[in-house]
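What follows is a single structure, written as structure tokens, with notes after it.
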Amino acid sequence: MGGGGGPLFSLGLELAVRVTEILEFNKDLVLAREQIFEKYNYHQKAKELATYITNELGRRWGVVNRMIEEVQKEPLEESSSLLRACLRVGAFEVYFDNKNPNHVLKSLGPFFRKKKVKKGFINRLRYVLFEVKKFRINPPADFLEWAFWHHFFPKWIAERLAEQFGQEEALKLMEHMNQHPSMSIRVNTRLADVDALRKALTEKYGFQVEKAKVYPFLTMPRTYPVMRTEEYKEGMFIVQDVNTAYGISRLLDLLPEGATLFDACAAPGRKSSLVTQLRSDIRFVCADISKLRLTKLVNGFERLKLPLPPILVADAAHPPFKVQFDAVHADLPCSGSGTWGKHPERRWFTTPIRYKECVEIQRRLLSSLIPLVKPGGYLLYSTCSIWREENEENTRWMQEEFGLRLIEEKRIFPENASTGFYYAIMKVEGEPPPKKLAEGIYTCEVPSKYERVYLACSLIGCGGFCVHNMSYNMIL
């Protein structure tokens, strides 16, 4: 998809450079592209080219950096942020997309004139791109070198994968996370029929669509511009990786009619909306520490035309409830290592201690959430991590520390660049340990589309409140 030339190619390169410059600082390609594409509303083809370039550059981030530094004989940090971005985009285009350096430079010409870059800037870029064109990778000396140059993974990640799964399985995982990502959507059965939507997407748009193993999902072998379809705009489906639905679907099978559920880290709301869609009898509350992410949850429910559950801006480490629930859904913050196929840049911006920090956070949150489960109730724990420390080892820790009984657990590997996912359903057999909270006043916020309501809840419990004209005294 590298693009041949002309104005659209030039605009695509410009967007790619702008995104790459931001990516170095915010370390998130999706956010970087959103920011640049909103500011520079160029032709859709230019955006698609920039998306392709930045995705593949993000996948090879460390490799491209090493190539550049080896040929220019100095650290990238000694160049300006703009030059670093141009070097990275240019090196990717020249080496991995087999572009002629002069063609890349000429295509960047209009952008250089906008930025009023000096001749020395262009000469430096020209020199490096021609040197990169001649670059040759030496035969890898060991497994870690092979993983770096041919699978585009930091050596420390390849080493950890080999330690946990063996070298053969580690290579398979890296291969899968470098494949072109597949796509899955969840049909909103309140507005559309699964078979009818599959037929419409196939016949009307030419998408390849199949039924998934999990109801009501459809899968596609590659990414399509589904969010530009009329059906998406009308709320007939939501983009959601089918792997992330296994756990919540199994929990819903276990819950009785009218059960209460606390979704502790609910935003951006894909799993929460699945609860509402499949089990309207479930009485549940959604909370998240991020007001911005909860705004996305609200927007998602409104687009799907689903009734909005009570929502709280609250820290899962200090949930402001005095009563217990039939179930607690703890889809907790994690290293995100299972998403490295769909978000390839993240493998280069994480650190060897990130997963350890996540385990500490997860156990702190679980210690606060487990006491909210009624005796005989369920805790659904899930992550999008591939590391055992964040998954099976946390499950064993809950069994030993709190005496929870494991009902089932499932690890889903990230095949075809899908999301790697883990879930465990635990049952509270006896009375859970009491919550240990510091004295004082805890404040949480109930976001509203029309007004903001703040609740000051004493730590001995809430007396109840009204959200969206619905009384939840029996829950809070």
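The values are calculated or read from the model by the stated rules, or taken from the named source; none is laboratory data. The model shown is predicted, which means the values in this text are computed figures rather than measured ones. Heads up, the Cβs are rebuilt from the backbone with ideal geometry, glycines too, and the neighbour counts pull from every protein chain shown.
Any residue at all in segment 145-166 that is assigned to a loop (DSSP other than H, G, I, E, B) and without any contact (Cβ under 8 Å) to a residue 24 or more places away in the chain? Spell out how you get there, then give the answer.
Here is the first cut: in segment 145-166, the ones assigned to a loop (DSSP other than H, G, I, E, B) are 152-154, 166.
Then keep just the ones that are without any contact (Cβ under 8 Å) to a residue 24 or more places away in the chain; that gives 166.
Checked against the condition, which is being assigned to a loop (DSSP other than H, G, I, E, B) and without any contact (Cβ under 8 Å) to a residue 24 or more places away in the chain, segment 145-166 yields at least one hit.
For residues that are in a helix (DSSP H, G or I) and of a type in the set (D, E, K, R), scanning just segment 56-79, find the one that is surrounded by the most Cβ atoms within 10 Å (Cβ to Cβ).
Top of the filtered list is ARG59.
Residues checked against (1) crowded, with 20+ Cβ neighbours inside 10 Å; (2) over 23 Å from PHE301 (Cβ atoms); (3) of a type in the set (S, T, N, Q); (4) not assigned by TED's automatic domain parsing to the domain that holds HIS343:
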| site | (1), (2), (3), (4) |
| --- | --- |
| ASN188 | yes, no, yes, yes |
| ASP193 | no, no, no, yes |
| ALA196 | no, no, no, yes |
| LYS199 | no, yes, no, yes |
| GLU203 | no, yes, no, yes |
| GLY206 | no, yes, no, yes |
| GLU210 | no, yes, no, yes |
| LYS213 | no, yes, no, yes |
| LEU218 | yes, no, no, yes |
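Report yes if some residue within segment 127-135 is under 25 Å from the mean Cα position of the chain (by Cα) and on the phi < 0 side of the Ramachandran plot; otherwise report no. Talk me through it step by step, then tell me what you get.
Quick first cut of segment 127-135, residues under 25 Å from the mean Cα position of the chain (by Cα) only: none.
Checked against the condition, which is being under 25 Å from the mean Cα position of the chain (by Cα) and on the phi < 0 side of the Ramachandran plot, segment 127-135 yields no hits at all.
Please work out if ASN41 is surrounded by fewer than 23 Cβ atoms within 10 Å (Cβ to Cβ), outside any helix (DSSP H, G or I) and at pLDDT below 95.
Answer is yes for this residue.
Quick one: ALA245 ticks every box in (1) assigned to a helix (DSSP H, G or I); (2) over 21 Å from THR419 (Cα atoms) bar one, so which box is it?
Failed condition: (2).
Of all residues in segment 314-342, which are outside any loop (DSSP other than H, G, I, E, B) and more than 30 Å from GLU257 (Cβ to Cβ)? I'd like the intermediate steps shown before the answer.
First, the residues of segment 314-342 that are outside any loop (DSSP other than H, G, I, E, B): 325-331, 337-339.
Listed by number, the residues that qualify are SER337, GLY338, THR339.
Just one of (1) in contact with a strand residue (DSSP E or B) (Cβ under 9 Å, 6 or more places away or on another chain); (2) farther than 14 Å from GLN362 by Cα; (3) free of Cβ contacts under 8 Å to residues at least 40 places away in the same chain; (4) among the acidic types (Asp, Glu) trips up GLU392, so point out which.
GLU392 satisfies every listed condition except (2).
Taking the condition of a type in the set (Phe, Trp, Tyr) and without any contact (Cβ under 8 Å) to a residue 60 or more places away in the chain, does TYR232 pass?
yes
Got a number for residues in segment 220-242 being crowded, with 19+ Cβ neighbours inside 10 Å, in a loop (DSSP other than H, G, I, E, B) and among the charged types (D, E, K, R)?
Qualifying residue count for the region: 1.
How about segment 116-144: which of its residues are surrounded by fewer than 15 Cβ atoms within 10 Å (Cβ to Cβ) and in a helix (DSSP H, G or I)?
First pass over segment 116-144, keeping only residues surrounded by fewer than 15 Cβ atoms within 10 Å (Cβ to Cβ): 116, 118-120, 123, 127, 134-142.
Across segment 116-144, the qualifying residues are LYS119, GLY120, ASN123, TYR127.
Quick check on this structure: which one of PHE148, PHE153, PHE96, PHE165 is farther than 20 Å from ARG60 by Cα and either modelled with pLDDT under 95 or not assigned by TED's automatic domain parsing to the domain that holds GLU390 (or both)? Lay out the reasoning, then the answer.
Values: PHE148 fails: farther than 20 Å from ARG60 by Cα; PHE153 fails: farther than 20 Å from ARG60 by Cα; PHE96 fails: farther than 20 Å from ARG60 by Cα.
Testing whether each residue is farther than 20 Å from ARG60 by Cα and either modelled with pLDDT under 95 or not assigned by TED's automatic domain parsing to the domain that holds GLU390 (or both) leaves just PHE165.
Please determine whether any residue of segment 174-192 is among the aliphatic types (A, V, I, L, M), part of a helix (DSSP H, G or I) and over 27 Å from LEU274 (Cα atoms). Before you say what the answer is, go through the steps one by one.
Applying the first criterion (among the aliphatic types (A, V, I, L, M)) to segment 174-192 yields 174, 177, 183, 185, 187, 191-192.
Subset that is part of a helix (DSSP H, G or I): 174.
Filter once more, keeping what is over 27 Å from LEU274 (Cα atoms): 174.
Yes, the conditions are met somewhere in segment 174-192.
So ILE238 ticks every box in (1) aliphatic (A, V, I, L, M); (2) farther than 17 Å from SER182 by Cβ; (3) touching a residue at least 60 places away in the same chain (Cβ under 8 Å) but one. Which box is left unticked?
The single condition ILE238 does not satisfy is (2).
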